[in-house]
Amino acid sequence: MAPPARSAPRRVALAAATALAVGAIAAAPAAQAQDEEPTNLVTNGDFADGTNGWWTTANLTGAVADGEWCIDVPGGTLNPWDAIVGQDNLPLVTGESYELQFTARASADVSVRALVQQPVDPWMTALEEFPSLTAEAQTFSYAFTASADWPDAQLAFQIGRNDAPWQLCLSEVALLTGAEPPVYDPDTGPRVRVNQVGYLPDGPKRATLVTESEDPLAWQLHDAEGALVAEGDSAPHGPESTSGESVHVIDFSEVTAAGEGYTLTADGETSYPFAIGTAAYGDLAVDALSFYYPQRSGIAIDDGVAPGYGREAGHVDVAPNQGDGAVTCYGGACDYTLDVTGGWYDAGDHGKYVVNGGISVAQLMSVYERTLHAPTGDPARLADGTLRLPEHGDGVPDVLDEARWEVEFLMSMQVPAGEELAGMAHHKIHDENWTGLPLMPSDDPQARFLEPPSTAATLNLAAAAAQAARLFEPYDPEFAAQALEAAETAYAAALANPEVYAVDRGAGGGPYGDNKVTDEFYWAAAELFLTTGADAYEADVLGSELHEEDVFAASGFWWGEVAQLAKLDLALVPNALPGRDDVIAEVVAGADVYLDEQDASPWDLGYGANGFDWGSNSAVLNRLVVVGAAFDLTGEARYRDGVFAGLDYILGRNALGNSYVTGYGSHFSKNQHSRWYANQLDPALPNPPVGTLSGGPNSVASTWDPVAQRWLTDCDPQGCYIDDIGSWATNELTINWNASLAQVASFAADQVSAPSAPSCQVEYLINGQWPGGFVAQVLVTNTGDAALENVTLHWAMPTGQSVVQSWSADLSQEGHLVTATEVGGGTALSAGRTFTFGFIGAKDARTAVAPSSVTCTTG
Ligand code: 9MR
């Protein structure tokens, strides 16, 4: 990456830094003195004059000796800012670079927070660092460039948040003008960029070579033993805008032999190792879904279930938590309280937001629902006992257990009957003010409040609870009925209050504002239609202005744009909507657009032509969800291949050579912004669990967070990312982003083996229906040359239908899945022959439809 372009800095002599900021970042090298001397803005930084010029919070005492100020810090404080030493009135000038230097030692190993910031709310920071102090004195040195004129900036060392008392000794503090601007020089690894996890054996295999060469370059693929497996020439592409690099594409798709530890060499560089094989995708699906359990609020996390992540329950009514058991509205806006314990923490913060909870849990439920209906779907991968969560043995697929944790929370956010806006959902619940890092959920001392209800949140609840109702029906009909009632009440309340928009008071939690809710109305109507088949919801689906609109062309889906979720489910979940084929065609056409954009990119990255948004990795993955849906709908291999090629970018084939999934690949994100996976700030805390997605590059990040502001001032979009816990705008973890990863990983995990015996062809006919019933006929034909033994069929029963009585096969149902055995009386199906069986089914008022796919197994 090119160094930031700036007006010529004044050159100064600085003492060499002996301690550096995080990982890949190095402060700019000390420059030679030229004409201008640096000014030290700090008064009495050598403590020659005692503590003159300095202030502390009232809980600190100290003494100066030999130019060192030693301060006794009390234990038992929770926030970094519960104990501060500082100095005010430091004038900062826009565009000027400064160097903060100090020497510090501590009686215990602690990390503190060093800030140069506004002295008043909103306390915007020009510099935020977390130096780790030890008994040995270390000199720290941090450069930054001011992006605003602050005549009265504050230097603050926040030293609270420790259980035990300790002593800090500070000396030689200086804030020098005329510093070299900081340079971000991330470790991008080998210039041969590959998917560091694995390529589909019979799928596309491409790598991207970063090189200035204009001519094709020779490449060699070696196996783990170093044997040459294949070779060829790269295809020059030239400059590419999202990366700011000149690149070539290397295509080794011809190699199909599965194996671990392959490497690709070109232009004198050898890639990180990778597999040809999909084994890792099964693990990735499990890990991406197991991310949610330690993200749960209101329950102790069992270390035996999630090793390394055990912790006390967060936000139950145990001090210092004030608890989510009886939460009232901010500013006394209501006279009731709600028990909103449970749910998932949204992200690295302790807030719980209905809008984002809704899309996240919907995507998780769709992971499960896809396995029911897609031809390659394998529900066994998500069965009871498959994920790292505590509800094993309850007979319910684990992914549904996890989803229920959130759906119940969403339902608890509903305004009670009899109150104003009854049936609406409160937009969010979070702390009065933002908490600091690190802070375990169980240590949060703040009051928490319900924020006002909104139409968007209400419709998110309606959509998610409606989907839950159809998925829980066979496992827990009582809960399914409760969820449906909550969904229908919410939908009615939203119709009665269609323009109640979230108001953000700008403190303590994310905004999640959304003033366009036609898409949420459409989504909720679609889910309610799919679950109930009711005419009123069908009419609302067909009547939505979005039903006729191409909702795929403009952008992918995300928490603020959910119309695609409606179309995806209308296309994928069996139903009798008039004109459903048009919806299916629209999904496929949307996938074609995404795929065309992806194919045009030398990174197979079909995203980012207009810059990279907050959570760009989720945007990339959500587009792949659409491409995967096109595969499920058409069976055309190019869509499946597109999903895998698109995953390359997430897993390391990118400008930074970084896999954005913790624990996957050779070089991966691991310092995501989180108050409790805050290992970067406190070695006693863990990094995020394996399978955690980072938000990813954000090309306007520098307008948002202080770390991005400091380091990402001159980045090309793909490079606007830093694996630093302080960069919430590029490197947070969230429930919605991991849901995107879970959907794509689960799709990938299902492509390992063909689920149907290839020569077994099934036709499923509904031969007649009447109020309350239907008759179905199933024909199984052996299109191959050899006899098929023990033909067994599986399908998911469409919502609203059940088997009553069958003939010429035995039908049994478990969960949603019907299994037909003894087909043809259990005899072998000879080549070219057909078996037929049939059944009478019961149905609700809607038209009975065939399942989306029927799987045939033999042998
Ligand atoms: O993901 C959200 C992104 O789309 C918004 O642009 C951004 C600013 O409003 O907020 C993001 O969501 C954050 C939320 O507000 C608070 N919890 C952490 C979320 C991820 O950074």
task: Would you check if P438 is surrounded by 20 or more Cβ atoms within 10 Å (Cβ to Cβ) and touching a Gly at 6+ places or on another chain (Cβ under 9 Å)?
output: no
Yes/no for H430 being within 16 Å of the ligand (Cβ to nearest atom), modelled with pLDDT of 95 or more and either in a loop (DSSP other than H, G, I, E, B) or assigned by TED's automatic domain parsing to the domain that holds T819 (or both): no
query: How many of the residues making up region 543-581 are surrounded by fewer than 14 Cβ atoms within 10 Å (Cβ to Cβ), farther than 23 Å from N736 by Cβ and without any contact (Cβ under 8 Å) to a residue 12 or more places away in the chain?
result: 3
field: Qualifying positions in region 505-527 - away from the ligand (no atom under 16 Å from the Cβ) and either in a helix (DSSP H, G or I) or touching a Cys at 6+ places or on another chain (Cβ under 7 Å) (or both)
entry: T518, F521, Y522, W523, A524, A525, A526, E527
query: Just a yes or no: is a residue in region 759-769 in a helix (DSSP H, G or I), β-branched (V, I, T) and surrounded by 16 or more Cβ atoms within 10 Å (Cβ to Cβ)?
result: no
message: Can you say whether V620 is buried (at least 24 other Cβ atoms within 10 Å of the Cβ), of a type in the set (V, I, T) and within 15 Å of the ligand (Cβ to nearest atom), as far as the supplied structure shows?
response: yes
- prompt: For residues in region 316-356 being within 16 Å of the ligand (Cβ to nearest atom) and out of contact with any strand residue (DSSP E or B) (no Cβ under 7 Å at 6 or more places or on another chain), which is nearest to M424 (Cα to Cα)?
  reply: V355
message: Cβ-Cβ under 9 Å, sequence separation 6+ or interchain: first residue in region 434-452 and in contact (Cβ under 8 Å) with a residue 24 or more places away in the chain, partner among the aromatic types (F, W, Y) and outside any loop (DSSP other than H, G, I, E, B). Which pairs?
response: G436/W81; F449/Y330; L450/Y330; E451/Y330; E451/Y353; P452/Y330
- prompt: What do you reckon, is A403 over 28 Å from S727 (Cα atoms) and free of Cβ contacts under 8 Å to residues at least 40 places away in the same chain?
  reply: no
- prompt: What do you reckon, is S213 at pLDDT 95 or above, under 20 Å from L651 (Cα atoms) and in a loop (DSSP other than H, G, I, E, B)?
  reply: no
message: Scan region 640-661 and tell me whether some residue there is under 27 Å from E260 (Cβ atoms), assigned to a helix (DSSP H, G or I) and among the aromatic types (F, W, Y).
response: yes
message: Please verify whether S674 is modelled with pLDDT of 95 or more, polar (S, T, N, Q) and within 16 Å of the ligand (Cβ to nearest atom), treating the condition exactly as stated.
response: yes
message: I'd like to check which strands (runs of 3 or more DSSP E) are fully inside region 71-143 and have at least 3 residues that are touching a residue at least 60 places away in the same chain (Cβ under 8 Å) and either touching a strand residue (DSSP E or B) at 6+ places or on another chain (Cβ under 7 Å) or charged (D, E, K, R) (or both).
response: 84-92, 97-106, 125-129
- prompt: Taking region 56-70 only, how many residues are surrounded by 14 or more Cβ atoms within 10 Å (Cβ to Cβ) and touching a strand residue (DSSP E or B) at 6+ places or on another chain (Cβ under 6 Å)?
  reply: 7
field: Options E172, E129: the member that is within 30 Å of T51 (Cα to Cα) and crowded, with 18+ Cβ neighbours inside 10 Å
entry: E129
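Condition check ((1) in contact (Cβ under 8 Å) with a residue 60 or more places away in the chain; (2) under 29 Å from the mean Cα position of the chain (by Cα)) across all residues:
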| residue | (1), (2) |
| --- | --- |
| P689 | yes, yes |
| V707 | yes, yes |
| W711 | yes, yes |
| D723 | yes, yes |
| W728 | yes, yes |
| W737 | yes, yes |
| F747 | yes, yes |
| V778 | yes, no |
| G784 | no, no |
statement: The lone condition D682 fails out of (1) within 19 Å of the chain's Cα centre (by Cα); (2) at pLDDT below 95; (3) within 23 Å of G310 (Cβ to Cβ) is (1)
- prompt: Is it the case that region 618-640 has a residue that's in contact with a Pro (Cβ under 6 Å, 6 or more places away or on another chain) and closer than 26 Å to D569 by Cα?
  reply: no
task: Please indicate, with yes or no, whether at least one residue in region 236-250 is over 30 Å from the mean Cα position of the chain (by Cα), modelled with pLDDT of 95 or more and not in a strand (DSSP E or B).
output: no
statement: Checked region 556-579 for anything assigned to a loop (DSSP other than H, G, I, E, B), out of contact with any Phe, Trp or Tyr (no Cβ under 8 Å at 6 or more places or on another chain) and closer than 16 Å to S544 by Cα; matches are P578, G579
task: Could you tell me whether any residue of region 393-406 is buried (at least 24 other Cβ atoms within 10 Å of the Cβ) and within 16 Å of the ligand (Cβ to nearest atom)?
output: yes
- request: Give the residues of region 840-859 that are under 25 Å from T376 (Cα atoms) and outside any loop (DSSP other than H, G, I, E, B), sorted by residue number.
  value: T855, C856, T857
query: Is it the case that some residue within region 308-324 is surrounded by fewer than 18 Cβ atoms within 10 Å (Cβ to Cβ), part of a helix (DSSP H, G or I), modelled with pLDDT under 95 and not polar (S, T, N, Q)?
result: no
- line: If we ask which residues in region 736-794 are under 17 Å from D378 (Cβ atoms) and either of a type in the set (D, E) or within 16 Å of the ligand (Cβ to nearest atom) (or both), their number turns out to be 1
field: Failed criterion for W614 (all others in (1) within 13 Å of the chain's Cα centre (by Cα); (2) assigned to a helix (DSSP H, G or I) hold)
entry: (2)
query: Can you tell me which residues in region 707-722 are within 14 Å of the ligand (Cβ to nearest atom) and outside any loop (DSSP other than H, G, I, E, B)?
result: V707, A708
query: Of V197, V183, which residue is over 30 Å from E36 (Cβ atoms) and not small (G, A, S)?
result: V197
- prompt: So is D287 acidic (D, E), surrounded by fewer than 22 Cβ atoms within 10 Å (Cβ to Cβ) and either within 23 Å of the chain's Cα centre (by Cα) or more than 16 Å from the ligand (Cβ to nearest atom) (or both) or not?
  reply: no
Matching entry among D72, D109 (being on the phi < 0 side of the Ramachandran plot and either modelled with pLDDT under 95 or in contact with a helix residue (DSSP H, G or I) (Cβ under 8 Å, 6 or more places away or on another chain) (or both)): D109
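The values are calculated or read from the model by the stated rules, or taken from the named source; none is laboratory data. Please read these numbers as outputs of a predicted model, since none were measured by experiment. Heads up, the Cβs are rebuilt from the backbone with ideal geometry, glycines too, and the neighbour counts pull from every protein chain shown.
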